[in-house]
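The values are calculated or read from the model by the stated rules, or taken from the named source; none is laboratory data. As the structure is a prediction and not an experimental result, all values here were calculated from the model. Counting neighbours? That spans all protein chains shown, and the Cβs are built from the backbone with ideal geometry, glycine included.
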Amino acid sequence: MNCQETKILLSEYLDRELSCEVRTAVRRHLAGCLDCADECRKLQKSIKLLKKFKKLRVPRDYSRTLFYRKKKAG
Ligand SMILES: [Zn+2]
């Protein structure tokens with residue numbers, strides 16, 4: 001596997017959406033390639049941020065549910 005292929009697969013690799021074989025190939029490449037390992041770390045960071053962001057958006061839906069419940073009850 002080369003750098004270009006690895007970078008294309010990185011997000012799926014981090015989301016654990018790859019087959020076992022491909023995961024191993026990506027991991028092997030990352031172990032020997034500083035450039036891609038760095039790219040992987042950066043992507044991991046932004047995915048974490050994105051997940052935080054998604055969590056923050058949950059309460060809005062929740063309050064909407066409460067609003068509808070209140071309307072029904074009142
Ligand atoms: Zn590489």
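Below is a table of values for the structure above.
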| read-out | value |
| --- | --- |
| Residue that is nearest to the chain's Cα centre (by Cα) [pool: residues in segment 9-37 that are exposed (fewer than 10 other Cβ atoms within 10 Å of the Cβ) and closer than 18 Å to Ile47 by Cβ] | Asp15 |
| Those residues of segment 1-45 which are among the acidic types (Asp, Glu) and part of a helix (DSSP H, G or I), in sequence order | Glu5, Glu12, Glu21, Asp35, Asp38, Glu39 |
| Count - residues of segment 1-40 that are charged (D, E, K, R) and away from the ligand (no atom under 13 Å from the Cβ) | 6 |
| Candidates Lys48, Lys55 - the one that is exposed (fewer than 10 other Cβ atoms within 10 Å of the Cβ), assigned to a helix (DSSP H, G or I), of a type in the set (D, E, K, R) and modelled with pLDDT under 95 | Lys55 |
